[in-house]
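Read-outs: derived from the displayed coordinates by stated rules, not from any lab. Quick caveat, the model's predicted, so the values are computed rather than measured.
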Amino acid sequence: RNRTFIEAARTMLADSKLPTTFWAEAVNTTCYVQYKVLVTKPHNKTPYELFHGRTPAISFLRPFGCHVTILNTIDHIGKFDRKADKGFFVGYSLNSKASSVFNSRTKIVEKNLHVRFSENTPNNVGSGPNWLFDIDALTKTMNYQPVVAQSNDFSCTKASNDVGKEKEPDKDYILLPLWTTDSPFSTRSKISQDNEF
């Protein structure tokens, strides 16, 4: 069962050409969709039908990673500013009709009702492998910064004998997360952000 979810999430990420940083959203979407459409053998019904006693509505299901246009209802918009942002569909909300979308401008996963789907717009062919395998792009999106770690040259007696000799210290790089107050992929809804201020 777990392997089915992982393979489905991997397939959704590969098909949508989104980076692996959306792995959690892909697995959540897989669980949500398979709960609604996967038929169990002994009863010949979906888990949703067994629990609720009726067939699920699936007309609102959208392809993972499809292009969306998000209406900007939060920010103050000037007369000539853009009223919408572009993004990608990454999942469903469990307790409302909102969709989980990744806003390309703000780099945040948000839940929003004001979304227009462009299911027929194909994802760029070249964008998948660049995002998936480019370590610099991945570390930038995950907010990692390299830390230089070097050894102390005076930790043994041989190093003290070579004091006058100039030597380039060995450098080892360690990737550590940079802790900030805002994560690059926040899943909080825009509505709850308004209530905080």
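Note on the range 37-107: lysine pairs with Cα distance below 28 Å, sequence gap of 8 or more or different chains, count 7.
Principal semi-axes of the equivalent ellipsoid, √(5λ) from the alpha carbon gyration tensor of the range 38-107, are 36, 12, 9 Å from largest down. Backbone amide hydrogens, once placed in the peptide plane, bring residue 91 within less than 5 Å of 100, excluding anything fewer than 5 places away on its chain.
For the range 26-31, the Karplus equation 6.51 cos²θ - 1.76 cosθ + 1.60, evaluated at θ = phi - 60°, returns couplings of 5, 5, 4, 5, 4, 4 Hz by residue, with Gly and Pro reported as x. For the range 20-89, averaging the sequence separation of C-alpha pairs within contact (under 8 Å, six or more residues apart) and dividing by the residue count gives a relative contact order of 22 percent. For residue 72, the residues whose modelled amide H falls within less than 5 Å of its own, excluding neighbours fewer than 5 places apart on the same chain, are 84, 85.
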